[in-house]
Amino acid sequence: MKKVIEVKNLVKQYGKINAVDGISFDVSQGEVFGLLGENGAGKSTTLEIIEGLRKSTGGSVKILGLDIKKNKNEIKTKIGVQLQSSAYYNFLKLKEIVSLFCSFYGSCLDPIALLDTVGLKEKANSYVMNLSGGQKQRFSIVASLVNDPEIVFLDEPTTGLDPLARRNLWHLISDIKSKGKTVILTTHYMEEAEALCDRVAIMEKGKILALDDTHKLIEQSKNPFTISFITEKKKLNEKIFGQVIKLGEIENLFGKQNHFILHLKTREALNKALVLVQKLNPESIKVGEASLEDLFIDLTGKTISE
Amino acid sequence: MFKNLFFADVKMMFRNYQSIIWAFMFPIIFSFIFGLFFGKDATSGTIAIINESSSDISGQYVTALKDSGIFKIVEDESVDQAKEDIKKSKLVGAIEIPKEFGEMPQAPLVIPEQKLKIIIDPGNAQGNSAMTGFTDKFFSSLNMNFQNVKPIFTYETEKTTNLDLGYYDFVLAGILGLAVMNSSIIGISVAMTKYREDKILKRITTTPLPTWIFIISEVLSRLIINVLQILAILAIGVYVFSANIYGNIFMVILVALVGALLFQLMGFAIAAFSKTTDAAQGMATAITIPMMFLAGVFFPIDSLPAWVASIVKYLPLAPLLRILRAVALEGNSPFIDMKNVAIVLGWIVAMLAISIWKFRLTDE
């Protein structure tokens, strides 16, 4: 696969703090690449350096083979950028904003057709302030597509949206991918990265802690397998339960006395545990895989917070 | 690229009608207020005349006072009533003419002293001097007529210009400068910081649009508003309050627009130093309000203590107003005093330098 983004030893210093601390990664054509991490991990700063909005302190960035420091203007014509919580003009209608941004690139797509691709055709004559949160985000994504870019940058595209609107946006992003565009996005939603990204880099304090195909990352987790089960409230067979605990790490689901999650290292342990848990006569039993979130907790020792 | 942006900017400006209304209201309100005080129908206030005499002289005096148009006059009040009304500031003053005033004895060997009474409010210096001044002038010619003497010491007035100019004309030109200053400084500095807060500026830098096109488009679209402002102010001044504008209207607009450009650059400089919209608003107000009073919009700078005047005459609005008045009121060329032109250009260069140096669309 052709590499469309090559980042080498990228450093960004603010005073004595390294907001981005010597990271390297490549993004291949046509993939969805995710930068995952908490607020302040350096995701947005990394993205904005790649987009040419900030100057790096060290390292190099190449986009489509062009050096970001030397060919900024040429690169700008080939990328589309959606900024984190960026507003648009208050007193222009959606179709007017789209055609205005089109004009910045010299060539114009049909604004109405473009709005139609994100289900905003009916809102073509509305102002941004009259849109819902989800519609705003969809508009801000479509505004980054006006120049038919090869690479699309999405900075926390779903932050603050309700679950339905978020799912809506996931479809939109997979549509963009299906058109052969490369997407690089930041998020702090694990399930979003799992659902959308072909590859994920987990960032923490300006460094990349892990980077791989999403499913391979999850398999790297300390305990790739889980059994979630609910026992009868009245009595628990202490003897069997004691044997279960020895097989892996048991976790009591938040405040629910009888709901457990058992984290297991191997398939062998999984099989043994399944037999034992059955003997507890559970009301419910569910076998699962570790999630990106589990990996994140393994790597950083904490849960991700918004 | 530029054309689309420019039309979009103009469209936005007009759609943001609330802000347009206020950009127009402020100078228009000033034009009206000063017009009501000092326009063609303005008087020094109302006085009461209590005329108990039926003599020719008292009659002539009252007629002359009415014809002068200095005051509005009421004649149906009693002395006590008038005094009450003066205390309540309903009247500027009153003139009481006693019954025997102006009655000439048949055989005028000795004419007794004739006195009328001017009742004044010590707080109203302007009204008082107008009443006493008029009466003095009327009586001295009367006295000389009676005593059959010709005045020896007299004076004549010579105007430096043959143009009929009043205080309202002076203020109206000041309001023109005030309007372009306020709308340009506040307009640009607030709009730019708002755009920065909303990340619109940042979003624009992700596109290939050159920064200079963005700025030129902002500046030019605002100049259109300025032209409309200037026309509105001049229309009110000339058609409602009969202000005198002797200069070429296009030249007046052109000079005002040069001022608008200077103040827009100042707006960019303010936006460069303000992190938030509120900060920009505060800084813009802190600059425009003192300038409004110190740069000679309403009062000539010369009324200030000499050392203050020698400083404030270099404020950007001051030379602009001098040029504007020379052009609008006297029909002179804007280049009649090159010193003013030099100060304005100096400010433009300085503000341009600060804006280029400090104003950025993004954080870096």
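Read the figures in this text as sums done on the coordinates, not as results from a lab. The structure presented is a predicted model; accordingly, all values stated were derived computationally and were not measured. Here the Cβ is made from the backbone with ideal geometry for all residues, glycine too, and neighbour counts use every protein chain on show.
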* On average, how many beta carbons from a partner chain sit within 10 Å of the beta carbon of a residue in A:78-90? -> 4
* Asked: For chain A, can you list the cysteines whose C-beta has no other cysteine C-beta under 4.7 Å from it?
  -> A:Cys197
* Structure fact -> Going through A:Lys55/B:Lys202; A:Lys3/A:Lys72; A:Lys8/A:Lys69; A:Lys136/B:Lys275; A:Lys181/B:Lys3 one by one, the pairs whose alpha carbons sit over 20 Å apart turn out to be A:Lys136/B:Lys275; A:Lys181/B:Lys3
* Asked: Roughly how many debye, to the nearest 20, is the charge dipole of region B:79-181 about its Cα centre, given +1 on each Lys and Arg Cβ, -1 on each Asp and Glu Cβ, and no other charges?
  -> 140
* Structure fact -> Any residue on another chain or 5+ positions along whose placed amide H is under 5 Å from the amide H of B:Gly45 is listed here as B:Lys72
* Structure fact -> Amide H neighbours of B:Gly331 at under 5 Å, excluding residues fewer than 5 places away on the same chain, with H built from the backbone geometry, are B:Tyr246, B:Gly247
* Structure fact -> Using alpha carbon positions and the Kirkwood radius, the Rg to Rh ratio of region A:173-249 is 1.19
* Mind checking the dipole of the protein assembly as shown: about its Cα centre, +1 per Lys or Arg Cβ, -1 per Asp or Glu Cβ, Debye to the nearest 20? -> 2660
* With θ set to phi - 60° and the Karplus curve 6.51 cos²θ - 1.76 cosθ + 1.60, what are the ³J(HN,Hα) couplings of region B:256-265 in order, to the nearest whole Hz, using x for Gly and Pro? -> 4, 6, 4, x, 4, 4, 4, 6, 5, 4
* Structure fact -> Projecting the Cα atoms of B:Leu262, B:Gln147, B:Gly166 onto the charge dipole of region B:139-295, where Lys and Arg contribute +1 and Asp and Glu -1 at Cβ, the residue farthest towards the positive end is B:Leu262
* Asked: Counting pairs of alpha carbon atoms under 8 Å apart in space and at least six apart in sequence, what relative contact order in percent does region B:46-147 give?
  -> 30
* Asked: Straight-line reach from B:Lys90: which lysines have Cα under 17 Å away, leaving out those fewer than 8 places along the same chain?
  -> B:Lys72
* To do: Return the sequence-ordered ³J(HN,Hα) values of region B:146-158 in whole Hz as given by the Karplus equation 6.51 cos²θ - 1.76 cosθ + 1.60 applied to θ = phi - 60°, using x for Gly and Pro.
  => 5, 8, 6, 10, 9, x, 9, 9, 10, 9, 10, 9, 10
* Calculate one ³J(HN,Hα) per residue across region B:167-177 by plugging θ = phi - 60° into the Karplus curve 6.51 cos²θ - 1.76 cosθ + 1.60, and present them in order as whole Hz with x for glycine and proline. => 4, 4, 5, 4, 5, 4, 5, x, 5, 4, x
* Going toward the positive end of the dipole of the protein assembly as shown, with +1 on Lys and Arg Cβ and -1 on Asp and Glu Cβ, which of B:Gly69, A:Thr231, B:Ala280 do you reach last? -> A:Thr231
* For a quick protection proxy, order the peptides A:141-153, B:208-220, B:138-150 by their average other-Cβ count within 10 Å, most packed first. => A:141-153, B:208-220, B:138-150
* To do: Rounded to the nearest 10 degrees, what's the angle between the helix B:277-294 long axis and the longest principal axis of chain B, both from Cα atoms, 0 to 90?
  => 30
* Structure fact -> Which of A:Leu109, A:Leu120, A:Leu164 fluctuates most in a GNM of chain A (C-alpha springs under 10 Å)? That residue is A:Leu164
* To do: Let me know the mean shielding of B:195-207 by other chains, meaning the per-residue number of their Cβ atoms within 10 Å of its Cβ.
  => 6
* Asked: For labels at B:Val227 and B:Gln126 in the simple 7 Å Cα→Cβ model, what's the distance in nm?
  -> 3.7
* **Using a Förster distance of 45 Å, the FRET efficiency for B:Phe37-A:Ser126 (Cβ separation, nearest 0.05)** => 0.45
* Between A:Gly37 and residues 5 or more places away or on another chain, which pairs have amide H atoms under 5 Å apart, with H built 1.01 Å from N, and which residues are they? -> A:Thr187, A:Met203
* How far is helix B:56-68 tilted off the main Cα axis of chain B, in degrees rounded to 10, range 0 to 90? -> 10
* In debye to the nearest 20, how big a dipole does chain B give about its Cα centre with +1 on each Lys and Arg Cβ and -1 on each Asp and Glu Cβ? -> 1940
* What 222 nm value per residue comes from the helices of the protein assembly as shown, counting each DSSP H run with n ≥ 4 as -39,500 (n - 2.57) and dividing by all residues, nearest 500 deg cm²/dmol? -> -16000 deg cm²/dmol
* To do: May I ask for the distance between the Cα centers of region B:303-352 and region A:1-59, given as a whole number of Å?
  => 52
